[in-house]
Amino acid sequence: MSDAAPPVLHLTGPILVDETHELSEAWVHDGRIHHERPDLPASTEVRRIDGAVVPGLADLHCHLGIGDGGGGISLAEARAQALTDRDTGVLLIRDAGSIIDNSPLQQQDDLPRLIRCGRHLARTRRYLIGYADEVEPEDLPRAVAREAGRSDGWVKLVGDWIDRPVGDLSPCWDADTFTAAAQAAHDHGARITAHTFAEQTLPLLLDAGFDCLEHATGLTADTIARAADADVPVVTTLVNVDAFETYARQGEKKFPTYSAHMRRLREQRFERTRDALDAGVKLLTGTDAGGVLSHGIIHDELDELATAGLTATEILTAAAWEPRRFLNVPGLEDGAPADLLVVPRDPREDHRALRDLTHVVLRGSVVVG
Ligand SMILES: [Zn+2]
């Protein structure tokens, strides 16, 4: 690595600070974004970059350290996953559970910012084999407390899964256990989120005080209203929900009720997403890459949101602005760390402009472009 300071960047905008606030220019200096031209010696090298500027995109549900097809991978391979994401414009990741300890990636300045959930917690034999720490209800609060201590303030619980004797999705825990899990997370200063597909699980999670919902394919008019009221956001993962057809086909013979249920959830996905947003539920983008889906698919998720009827600005809210507010990570405000993207066209007119990145700036350095 060179010791030379990176050049000062002069961004000519528009700089899309948030939904209602835009600037005509900004500067990047000393790793931070400046709304006013900084005081610089005359000899300072200034590089001018033209184009619309947005905060780095966020993926609130992916897995760094789980290989395609499942199983833990090496740290070097997890790094490659993070680089793949970065080069598509994802500069903020909330890892939704990893088999390996991926915390060393947080020391690597050329990788996206990473907020870890630690390891998934699941009920014994009620999740993909080998992914989660599998526990029984009496041990769950202790496991939650442990992950709260190991992670970056987030715990991830698998809330429902196929119940083979029943032949359908069902909640993995009863109401008291969900409540005890949320309590344990909050007592240890963490927030807690849950993987949930089924309709029945959502009232239990909302009653228990969960802070976030993953997938949430089972949202109904009632639970949409409740999530909006409690300001509990939904991480979309629509690319993953599209793959429900594969699960449905795999389970068809042995579990026909489950298969039909998965197909129904898939069919409703766009309408449910749009209804949730219309009712005031905050949507946050997630890809669920790592494990089944490959990394680098954030733009496919944005396309799915467009299919659900979100406008380009609503997509930017879900992918860039809202996740940063939710995770308390700065965006493009004056003095914030410069994690930003430059695109040639205004992405508020067409979200697909985000695919045409000309520059990716991470911690004030141009890493792409
Ligand atoms: Zn996942």
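The values are calculated or read from the model by the stated rules, or taken from the named source; none is laboratory data. Everything quoted here is computed from the prediction, not taken from an experiment. Because the Cβ atoms are built from the backbone with ideal geometry, glycine has one as well, and the counts that use them run over all protein chains shown.
For Leu83, only one of the following conditions fails: (1) in a helix (DSSP H, G or I); (2) modelled with pLDDT under 95. What is its number?
For Leu83, the exception is condition (2).
Of Thr179, Thr196, which residue is among the hydroxyl-bearing types (Ser, Thr, Tyr) and within 16 Å of the ligand (Cβ to nearest atom)?
On the way: Thr179 fails: within 16 Å of the ligand (Cβ to nearest atom).
That would be Thr196, the only listed residue that is among the hydroxyl-bearing types (Ser, Thr, Tyr) and within 16 Å of the ligand (Cβ to nearest atom).
Among the residues of the range 101-121, which ones are among the aliphatic types (A, V, I, L, M) and either modelled with pLDDT under 95 or within 14 Å of the ligand (Cβ to nearest atom) (or both)? Don't jump to the end; show me each part of the working.
If we filter the range 101-121 for residues that are among the aliphatic types (A, V, I, L, M), which is where we start, we get 105, 111, 114-115, 121.
Answer for the range 101-121, where residues must be among the aliphatic types (A, V, I, L, M) and either modelled with pLDDT under 95 or within 14 Å of the ligand (Cβ to nearest atom) (or both): just Leu121.
Quick check on this structure: which one of Asp59, Asp68 is farther than 23 Å from Asp339 by Cα, surrounded by 13 or more Cβ atoms within 10 Å (Cβ to Cβ) and touching a Ser or Thr at 6+ places or on another chain (Cβ under 8 Å)?
On inspection, the qualifying residue turns out to be Asp68.
For residues that are assigned to a helix (DSSP H, G or I), under 23 Å from Ala318 (Cα atoms) and free of Cβ contacts under 8 Å to residues at least 60 places away in the same chain, tally how many sit in the range 251-275. Full working, then the answer.
Keep residues of the range 251-275 that are assigned to a helix (DSSP H, G or I), which gives 251, 256-267, 269-275.
If we keep only those that are under 23 Å from Ala318 (Cα atoms) too, we end up with 265-267, 269-275.
Subsequent filtering for residues that are free of Cβ contacts under 8 Å to residues at least 60 places away in the same chain retains 266-267, 269-275.
Of the residues in the range 251-275, 9 are assigned to a helix (DSSP H, G or I), under 23 Å from Ala318 (Cα atoms) and free of Cβ contacts under 8 Å to residues at least 60 places away in the same chain.
Which residues, taken from the range 162-183, are farther than 14 Å from Leu205 by Cβ and either charged (D, E, K, R) or under 23 Å from the mean Cα position of the chain (by Cα) (or both)?
Selection gives Asp163, Arg164, Asp168.
What are the pairs, 6+ residues apart or on separate chains, where a residue within the range 279-300 that is closer than 21 Å to Pro55 by Cβ and of a type outside the set (Val, Ile, Thr) has its Cβ under 6 Å from a residue that is in a loop (DSSP other than H, G, I, E, B) and more than 14 Å from the ligand (Cβ to nearest atom)?
Lys282/Pro233; Leu284/Pro233; Gly296/Thr88
So Arg32 passes all but one of these: (1) in contact with a helix residue (DSSP H, G or I) (Cβ under 9 Å, 6 or more places away or on another chain); (2) under 28 Å from Val343 (Cβ atoms); (3) not hydrophobic (A, V, I, L, M, F, W, C). Which condition number does it fail?
The one condition Arg32 does not meet is (1).
Among the residues of the range 276-286, write down those that are within 16 Å of the ligand (Cβ to nearest atom) and part of a loop (DSSP other than H, G, I, E, B). Talk me through it step by step, then tell me what you get.
Pass one, the range 276-286, residues within 16 Å of the ligand (Cβ to nearest atom): 284-286.
Within the range 276-286, Thr285, Gly286 meet the criteria.
Condition first: touching a Ser or Thr at 6+ places or on another chain (Cβ under 7 Å) and within 16 Å of the ligand (Cβ to nearest atom). Can you find one or more residues in the range 300-309 that meet it?
Yes: one or more hits.
Across the range 122-132, which residue is surrounded by the most Cβ atoms within 10 Å (Cβ to Cβ) among those that are farther than 13 Å from Gly72 by Cβ and more than 13 Å from the ligand (Cβ to nearest atom)?
Of the residues in the range 122-132, the ones farther than 13 Å from Gly72 by Cβ are 122-127.
Retained after the next criterion (residues that are more than 13 Å from the ligand (Cβ to nearest atom)): 123-126.
Details: Arg123: 22, Thr124: 12, Arg125: 9, Arg126: 19.
Checked the range 122-132; the qualifying residue surrounded by the most Cβ atoms within 10 Å (Cβ to Cβ) is Arg123.
When both residues are 6+ apart or on different chains and their Cβ atoms are under 8 Å apart, which pairs have a first residue that lies in the range 194-208 and is crowded, with 24+ Cβ neighbours inside 10 Å, and a second that is of a type in the set (Lys, Arg)?
What qualifies is Ala194/Lys156; His195/Lys156; Leu202/Arg226.
Just to check your reading of the model, which residue among Val366, Val361, Val343, Val329 is at pLDDT 95 or above and within 19 Å of the chain's Cα centre (by Cα)?
Values: Val366 fails: within 19 Å of the chain's Cα centre (by Cα); Val361 fails: within 19 Å of the chain's Cα centre (by Cα); Val343 fails: within 19 Å of the chain's Cα centre (by Cα).
Answer to the check: Val329.
Being surrounded by fewer than 16 Cβ atoms within 10 Å (Cβ to Cβ) and under 17 Å from the mean Cα position of the chain (by Cα) is the filter; apply it to the range 84-115 and report the residue that is farthest from Lys156 (Cα to Cα).
From the range 84-115, those surrounded by fewer than 16 Cβ atoms within 10 Å (Cβ to Cβ) are 84, 87, 101, 104, 106-110; that's our starting set.
Subsequent filtering for residues that are under 17 Å from the mean Cα position of the chain (by Cα) retains 84, 87, 106.
Working: Thr84: 24, Asp87: 26, Gln106: 19 Å.
Among those that are surrounded by fewer than 16 Cβ atoms within 10 Å (Cβ to Cβ) and under 17 Å from the mean Cα position of the chain (by Cα), it is Asp87.
Please specify each residue of the range 194-250 satisfying the condition of being on the phi < 0 side of the Ramachandran plot and part of a strand (DSSP E or B). Reasoning before the result, please.
Pass one, the range 194-250, residues on the phi < 0 side of the Ramachandran plot: 194-208, 210-214, 217-230, 232-236, 238-250.
Within the range 194-250, Ala194, His195, Thr196, Cys212, Leu213, Glu214, Val234, Val235 qualify.
Tell me the residue from Arg249, Arg226 that is of a type in the set (Lys, Arg) and either within 16 Å of the ligand (Cβ to nearest atom) or surrounded by 15 or more Cβ atoms within 10 Å (Cβ to Cβ) (or both), please.
Working: Arg249 fails: either within 16 Å of the ligand (Cβ to nearest atom) or surrounded by 15 or more Cβ atoms within 10 Å (Cβ to Cβ) (or both).
Within the list Arg249, Arg226, the selection yields Arg226.
Look at Leu140 and say whether it is crowded, with 18+ Cβ neighbours inside 10 Å, in contact (Cβ under 8 Å) with a residue 12 or more places away in the chain and part of a helix (DSSP H, G or I).
When the stated conditions are applied, Leu140 passes them.
Which of (1) within 16 Å of the ligand (Cβ to nearest atom); (2) surrounded by fewer than 22 Cβ atoms within 10 Å (Cβ to Cβ) is the odd one out, the single condition Ala289 does not satisfy?
That leaves (2) as the condition not met.
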